[in-house]
Each structure stands twice: as structure tokens, then as C-alpha cells.
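The values are calculated or read from the model by the stated rules, or taken from the named source; none is laboratory data. The structure presented is a predicted model; accordingly, all values stated were derived computationally and were not measured. Positions of Cβ are generated from backbone atoms using ideal geometry, with glycine treated the same way; all protein chains shown enter the neighbour counts. These area figures cover heavy atoms from the full protein model, side chains too; ligands, DNA and RNA do not enter into them. Shrake-Rupley method; radii C 1.70, N 1.55, O 1.52, S 1.80 Å.
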Amino acid sequence: EAQVTQNPRYLITVTGKKLTVTCSQNMNHEYMSWYRQDPGLGLRQIYYSMNVEVTDKGDVPEGYKVSRKEKRNFPLILESPSPNQTSLYFCASSLLGSGQGHGYTFGSGTRLTVV
Amino acid sequence: GQNIDQPTEMTATEGAIVQINCTYQTSGFNGLFWYQQHAGEAPTFLSYNVLDGLEEKGRFSSFLSRSKGYSYLLLKELQMKDSASYLCAVRDMDDKIIFGKGTRLHILP
């Protein structure tokens, strides 16, 4: 089954304790992206990647890191989480190329609480 | 700057028709998407428009006018399960996908 697998689904952590949220896709998609979703603010892009070893900042990259060492994986790293990073996070992937109706396939989401 | 506007909330009645509007101002345009998102779940792809006009897909249709920076999603024969948020998103010239804040649609019996 074509899918984006995101783990964990729920995570409660303490301020300053490094964490990683994993994301993996099995569709050979070039494009992968991380979003956070907060009430009243919608989906905001954190980082994106157009291919292996190519990553770029989105709209809200502060406090986050990513890596793209393999095409299928795009982990999100919070080196020193803070309470303002409490949010619902989504990983998404798609084929690349303008003019194609390839929307995102989203992972199931990770609800992160930083106390 | 990049901006996508859509109404925050709308209410409609089961069996009726509702139109959700979206206007956008982005750095170039390479297509517009509509997604549906139920509370606490991931968004799911509904439709894609890159050329002007109407795209119909069952009970859902999506319209695009590139010259006006405008799109709408039309939902017919509304069902209770259509209660969800609807997200308008635009792919810009750098292939970046930018989302609006979403429209929460309430369906009344």
C-alpha cells in the first residue's frame, strides 16, 4: 500500500530533550516536506526536500533540523524542544514537477507536547 | 508576499450545495489543490486545477480563474460526513506548496 509512515503518533517530552520524528514513504517520491498545524494558523511548512541531500527552509524552520540521506526517509529533529513547539506535525510527500496533478500524500500526524 | 485567503467557517444543510471560495497571491502559479481534513486526521487530496475552468469529480467540483487568482470548491448533495475542514493550497513557481488556513464546514441535519 502506498503510504507515508510517521512515528510516533503521540509524544510528550520535556523542554530541552532532543527528539526525532521519523517519516518514511514507499512511493519513490522526490519531494518531501514537514508541516506543523496550529489552531487558527493552518499548515505551515517547516522544511522541505526536493531530493536526496537537498533540503530547504520553509516558513517556520527555527528550532528544527532535517536530513535527507535516503530518498524514502525524511526525519524531523528537534535538538532542544521548547513549549512553543507543541503542535500537530505532518510529513508529506509528492512527485515533483509542475503541471502534474500530484498532490501530497500525508502521514497520519504526530501530536507533540513539550512541557 | 504569499497569501491564500478562504473563509474561516461555513454552515450548510444536509442535501444542499455549498461553495467554498479561495483567493490567492503567490510567487508564480503551478497549480491549485483542494484537500479535505477531518478533525485530528491528515488532509486527503480532493482536486487539482492548473488550467482555467471547472473540474468535476462526483459530488465535488473545483473551479479556477488564474487571471483573478480565484478558485472555489463546490460540494453537492451534502452529507453529514462532509463536515470537515477544506484546505486550499497553491504550488508556486519553485514547486513549493502553500496552504490557506482552511475553511471549517459544518453540516446541519
Stick to Cα atoms and the Kirkwood definition of Rh, then tell me Rg/Rh for the protein assembly as shown.
0.97
Based on the Kirkwood radius over alpha-carbon pairs, what value in µm²/s does the Stokes-Einstein equation return for the translational diffusion coefficient of the range A:28-79 at 25 °C and 0.890 mPa s?
217 µm²/s
Any GluC sites (Glu not before Pro) in the range B:1-98 that lie in a DSSP loop and have at most 14 other Cβ atoms within 10 Å would be B:Glu14, B:Glu41, B:Glu77
Carbon and sulfur %, accessible surface of chain B computed with the full protein complex present, 1.4 Å
49 percent
What distance in nm separates the two pseudo spin-label positions at B:Arg104 and B:Met80, each 7 Å out from Cα along the beta-carbon direction?
1.9 nm
The simple spin-label model distance between A:Leu88 and A:Asn28, using points 7 Å out along Cα→Cβ, in nm, is 3.3 nm
With a 1.4 Å probe on protein heavy atoms only, work out how much accessible surface A and B bury together, total over both chains, in Å² to the nearest 100.
1700 Å²
Cα gyration tensor, the range A:1-40 - rounded (a/c under 1.5), prolate or oblate
prolate
Candidate cut points under trypsin sites (Lys or Arg not before Pro) in the range A:52-114, DSSP loop plus at most 11 other Cβ atoms within 10 Å of their own Cβ, are A:Lys69
Expressed as a whole percent, how much of the Cα-Cα distance distribution for the range B:1-55 exceeds 17 Å?
54 percent
Average accessible surface area per residue within the protein assembly as shown, 1.4 Å rolling probe, Å²:
47 Å²
In cubic angstrom per residue, the convex hull of chain A built on its Cα atoms measures 100 Å³
Pairs of alpha carbons in chain B whose separation is greater than 17 Å (percent):
49 percent
